[in-house]
Amino acid sequence: MNTSAEEILQYVREEDVKFIRLAFCDVFGRMKNLSVQPGELERALTRGIAFNPSLIRGIGGEAAEDLFLRPDPATISVLPWRPEHGRVVRMFCTLGRADGSISDMDTRSLLRKAVSDAGAAGVSFSFGSRMEFYLFETDERGEPTDRPLDRAGYMDIAPEDKGENVRREICLTLEQMGILPESSHHEEGPGQNEIDFRHADPVTAADHALTFRGVVSTIAARNGLYASFAPKPLPGQPGNGFHVQVSVRKTDGEEVLPFAAAGILEQILPITAFLNPEEASYGRLGDHRAPKYVTWSPKNRSQLLRIPSEGKYAELRSPDSTANPYLVFTLLLRAGLAGVQKRLSLPEATETDLRNAPADLLAGLRRLPDSAEEARKLAQTSAFVQTCLPETVIRAYCERT
């Protein structure tokens, strides 16, 4: 909904809205919120609502003073699972300080700045997401178990696919919130599912990814299930990927996707700590179809980057579903933009299935990090990462325990 502050106030009065959730994303990609009632909305829109950040991991150490939530009116959305009478709406917020400046830990604003810088250089990006998750049964107390909802496989149908109705409910709920999924299906693992999204501008795409995780978890719980986005929920089974499709255009019409793709490949090692933030992330990479080497291909899905022959987008297959989408898109955008500006060339494509490749071929390829510790060391020493992210964000990731 593209609307102004005045229109938001009118909408809340006319549509029986009783609670407004002021939502933001912590530095690690978890959605947080503070609820206010309509009488506080005008103050929120003009001055912001103060809150104590001290107990929010990754943010609390940045400032001892209160931070302020300043809602973005264009992001208002009804939460369809809440009552129709006494509605609840949500708006994404800027994370600011008392003097009006933006907190260094506001990753949504980091992405907005990256989009602005790319626009000033005559380059625009869009992103599409393919996010995977598992559905698990819960016990008599509603706690998660390690029993997947079904034993179905890739693109199976009911009755083997027991998640069909859950995916349907997720997609319809997202549609009510103005988010249109492109497709959905059962994935390879037992109880594993995937829902894909159309390309959108970077900030909207990240908002949608964050909303998606919340909707999936909510709808799963309403059905007595637990949704896991963990990188490797079940030993010996496929992990959960967050496959990102990147499109790029130049205002003068020049084809620049190969340059952007080369830029992403150039910086993939130091940015992996942010695309794969958990220790378990590194048990996923190199297993099943998840990539391990820095390669690309027009066809082969075991490669890190796939650029289909029509050349409309590049799909990066290494990120996992626990990543902060604002940081993922910020880093991919800035790496892609650097590739365009430096006119980098892609290396030769790799068509070999690297899961069964000979050792001498693999020895000549760059590898993704083997552990979170290795990835964080690469991030800490990267001049590129330091130009993209504030030191407080880098510390939050690289010094986490």
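The values are calculated or read from the model by the stated rules, or taken from the named source; none is laboratory data. Since the model is a prediction, treat every value here as computed from it, not as a measurement. Ideal geometry is used to build each Cβ from the backbone, glycine not excepted, and the neighbour counts take in all protein chains shown. For the accessible areas, the whole protein counts, side chains as well, though only heavy atoms, and no ligand, DNA or RNA atoms are used. Shrake-Rupley method; radii C 1.70, N 1.55, O 1.52, S 1.80 Å.
Name the residues of the range 325-361 whose amide N is less than 19 Å from a point 7 angstrom out from the Cα of E255 along the C-beta direction? So the set is 337, 339-350.
Kindly identify the chain as rounded, prolate or oblate by the Cα gyration tensor criterion: order the square roots of the eigenvalues as a ≥ b ≥ c, call it rounded if a/c is under 1.5, otherwise compare a/b with b/c, prolate if a/b is larger, else oblate. Note, shape of the chain comes out oblate. Taking the Cα atoms of the range 239-388, the ratio Rg/Rh between the radius of gyration and the Kirkwood radius comes to 0.94. Distances between placed amide hydrogens fall under 5 Å for A152 paired with K162, G191, all partners being 5 or more residues away or on another chain. In this structure, the pairs whose alpha-carbon distance is over 29 Å, taken from K113/K377; K32/K312; K292/K342, are K32/K312. Taking each DSSP H run with n ≥ 4 as -39500 (n - 2.57) and averaging over every residue of the chain yields -10000 deg cm²/dmol at 222 nm. Calculate what fraction, in whole %, of the accessible area of the range 117-256 sits on carbon and sulfur atoms when a 1.4 Å probe is rolled over the protein chains. Its accessible area is 46 percent carbon and sulfur atoms.
Under the criterion of Cα pairs below 8 Å and six or more residues apart, the relative contact order for the range 60-203 equals 23 percent.
Normalising the average separation of contacting C-alpha pairs (under 8 angstrom, six or more residues apart) by the number of residues puts the relative contact order of the range 227-282 at 31 percent.
Each distinct pair of alpha carbons in the range 52-169 adds a 1/r term; the inverse of their mean, the Kirkwood radius, is 19.1 Å.
If you take the alpha carbon atoms of the range 79-238 and fit the smallest convex hull around them, that volume is 169 Å³ per residue. Using a ≥ b ≥ c from the Cα gyration tensor of the range 276-325 (square roots of the eigenvalues), is it rounded, prolate or oblate, where a/c under 1.5 gives rounded and otherwise the larger of a/b and b/c decides, a/b for prolate? Because a/c hits 1.5 or more and a/b fails to exceed b/c, the range 276-325 counts as oblate.
Backbone geometry of the range 306-317 corresponds, through the Karplus equation with coefficients 6.51, -1.76 and 1.60 at θ = phi - 60°, to 3J(HN,Hα) couplings of 10, 10, x, 4, 6, x, 8, 7, 10, 10, 8, 10 Hz, x marking Gly and Pro. Backbone phi angles across the range 264-279, fed through the Karplus curve with coefficients 6.51, -1.76 and 1.60 (θ = phi - 60°), yield HN-Hα couplings of 5, 4, 5, 9, 4, 5, x, 8, 4, 4, 8, 7, 9, x, 9, 4 Hz in residue order; Gly and Pro are listed as x.
On the accessible surface of the range 260-401, probed at 1.4 Å, how many percent belong to carbon and sulfur atoms?
Carbon plus sulfur share of accessible area: 48 percent.
In units of the compact-protein estimate 2.2 N^0.38 Å, the range 211-323 shows a Cα radius of gyration of 1.20. Whole-Hz Karplus values for the range 9-15 come out as 4, 5, 4, 4, 5, 7, 9 Hz, taken residue by residue from phi with 6.51 cos²θ - 1.76 cosθ + 1.60 and θ = phi - 60°; glycine and proline positions read x. Most tightly packed first, judged by the mean number of other beta-carbon atoms within 10 Å of their residues, the peptides 173-182, 353-362 read 173-182, 353-362. Classified by the C-alpha gyration tensor, the range 177-223 has an oblate form. Its axis ratio a/c, with a ≥ b ≥ c, is 1.5 or above, and a/b does not exceed b/c. Among 189-202, 118-131, the peptide with the highest mean count of other Cβ atoms within 10 Å heads the list, and the full ranking is 189-202, 118-131. The loop-placed trypsin sites (Lys or Arg not before Pro) in the range 259-322, going by DSSP, that have at most 16 neighbouring Cβ atoms within 10 Å of their Cβ come out as R289, K299, R301, K312.
For GluC sites (Glu not before Pro), the sites in the range 85-170 that DSSP calls loop and that have at most 14 other Cβ atoms within 10 Å are E140, E160. Using C-alpha pairs under 8 Å with a sequence gap of at least 6, the mean separation divided by the residue count of the chain gives a relative contact order of 15 percent.
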